[in-house]
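Participant: Please find one structure pasted underneath; my questions will follow.
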Amino acid sequence: MKRLAHLAWRDTWATPARLFLLAAGVAVGVAALALFFAVGRGVESAVMHRVLGVLPDRLVVEPSATAIGPIKMGGAPLDDAAIERIRAIPGVRGVLRRMQIPLPAHLTANIQGRSFYTDLIVEAVDPEVVEGDVPPGSFAVRPLDQPMPSVLPSVMLDILNIGLAVNTGLPQMNPDVIVGRHFTLNLGSSSFKIGPTASMRSEVVGISPRIGVGGPAIPIGYLPELDRMLREKGGEMPRLGASSATVQLNSPEDAPAVTAVLKGQGLTLPQEGRVAQVGGAIRAVSLAMTLFGLLVLAVAGTGIGNGLGLMVKDESGEIGLFRAIGASQADVLSLYLLRAAFVGMVGGACGVLIAALAAITINSVAARALPGLLSGDERMAALAAADVALALGLGMLFSVLAGVIPARQAARIDPAAALRER
């Protein structure tokens, strides 16, 4: 077999132009498959983690809500007792609270010399809620003579951009422009209601998809100081409970058991439906793209089969001579199947190179065009070794299958008849 493989490899490279012509289709098919796998994984990761805020070791829970037609009435906030019950569930390593502050609020800021005012819904959250979205240690209680850190929701950035672009003519904002800017947060008053107001200078330290749409979010540790400021003005901070909680798991494998217990406690997981819908849509698109890649490989296989069939006709005399000096039908069959495999190997290697270059290009363009969607090690095209191996394997498989018919035709050639014709 080693000698046959050497002979097949030599014959494959005897006519490089024909080799690359046959391998071109395999290269396109393998590149398409590898790239589709990579983009599917990258898009799913970006949408789940950055847009929906879903991480494999975290679950978001809310009090059960009652829906009457279009009206949805939420349950009571999660008090300290409810939080402790969640912490006691086996497999839970921590519970991070999110509290919507039920007071009117607005911010004022100066952007490029223009005054900016907007009403807000303020959240107080445990700092770990936005862990990974902000620099370590930046979202923590500071001395009172320093600005209070705040995090804006990703959606709020889009809203600000739309409002600014339409109403002020200012350029579009991205996280690099927003982070580090200061504004004044006024809690207790808005455009619709004036009351005792606590005002604090604040600094944007990051953008996160894991906080509410109204934003911004501030550390829970600032609530006592805001309550003190409101009391000095004749107001009062309402007694707060968690409007939702992020449950940290010891391991993603604990998710099914913990989810069952949470539902048994009367809590809901709002992301379940959205994740299922988005995940299903992404998988359906990935399947369609994969079928397209397989179709390309099937077409390429047809070309390889036709090319090998022509080789068999052209080389019938050599095949007869090969048989005459002792080669068996199995040897001839193996020789042409190896040729087909080598064509698939060359095409697959070229396809992987094309996919890698395309993935680099896609990631570079996405990093510039979508700076708020990707961060850290996230990639829009996450090319993995398993994807490459699968695409290469499929390319080789289609190539070998395409070579079966011409290889059998070569093996059945009568050596005496072939030598007479030669």
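The values are calculated or read from the model by the stated rules, or taken from the named source; none is laboratory data. No experiment lies behind these values; they were computed from the predicted model shown. Neighbour counts run over all protein chains shown; Cβ positions are idealised from the backbone, glycine included.
Participant: Go through segment 128-139 and report how many residues are surrounded by fewer than 19 Cβ atoms within 10 Å (Cβ to Cβ) and touching a strand residue (DSSP E or B) at 6+ places or on another chain (Cβ under 6 Å).
Facilitator: Qualifying residue count, segment 128-139: 2.
Participant: Right, next: Going by the structure shown, is residue 300 surrounded by fewer than 17 Cβ atoms within 10 Å (Cβ to Cβ), assigned by TED's automatic domain parsing to the domain that holds residue 34 and either in contact (Cβ under 8 Å) with a residue 60 or more places away in the chain or not polar (S, T, N, Q) (or both)?
Facilitator: Judged against the criteria, residue 300 is not a match.
Participant: If you check 78, 19, which single one turns out to be within 30 Å of residue 398 (Cα to Cα), modelled with pLDDT of 70 or more and of a type in the set (A, V, I, L, M, F, W, C)?
Facilitator: When all the criteria are applied, what remains is 19.
Participant: Please list, ordered by first then second residue, the pairs with beta carbon atoms under 7 Å, 6 or more apart or interchain, first in segment 305-332 and over 21 Å from residue 397 (Cβ atoms) and in contact (Cβ under 8 Å) with a residue 24 or more places away in the chain, second among the charged types (D, E, K, R) and not in a helix (DSSP H, G or I).
Facilitator: These pairs meet every condition: 317/422; 320/422.
Participant: If you go through segment 82-127, how many residues are acidic (Asp, Glu) and surrounded by fewer than 15 Cβ atoms within 10 Å (Cβ to Cβ)?
Facilitator: Residues flagged as acidic (Asp, Glu) and surrounded by fewer than 15 Cβ atoms within 10 Å (Cβ to Cβ) within segment 82-127 amount to 1.
Participant: Taking segment 145-156 as the region of interest, how many residues are assigned to a loop (DSSP other than H, G, I, E, B) and either modelled with pLDDT of 95 or more or touching a strand residue (DSSP E or B) at 6+ places or on another chain (Cβ under 9 Å) (or both)?
Facilitator: Looking only at that region, the number is 2.
Participant: Then there is this: Can you find even one residue in segment 398-411 that is modelled with pLDDT of 70 or more and not in a helix (DSSP H, G or I)?
Facilitator: The answer is no; no qualifying residue exists.
Participant: Same structure, new question: Please enumerate the residues belonging to segment 308-339 that are within 25 Å of residue 22 (Cα to Cα), charged (D, E, K, R) and buried (at least 20 other Cβ atoms within 10 Å of the Cβ).
Facilitator: Of everything in segment 308-339, just one residue is within 25 Å of residue 22 (Cα to Cα), charged (D, E, K, R) and buried (at least 20 other Cβ atoms within 10 Å of the Cβ), namely 339.
Participant: Please count how many residues of segment 234-266 are of a type in the set (D, E, K, R) and either surrounded by 15 or more Cβ atoms within 10 Å (Cβ to Cβ) or in contact (Cβ under 8 Å) with a residue 60 or more places away in the chain (or both).
Facilitator: So the count comes out to 1.
Participant: Now for a separate question. Restricting the first residue to segment 189-202 and requiring it to be at positive phi, which pairs with a second residue that is among the acidic types (Asp, Glu) and not in a strand (DSSP E or B) meet a Cβ separation below 9 Å and a spacing of at least six or different chains?
Facilitator: Correct list of pairs: empty, since none qualify.
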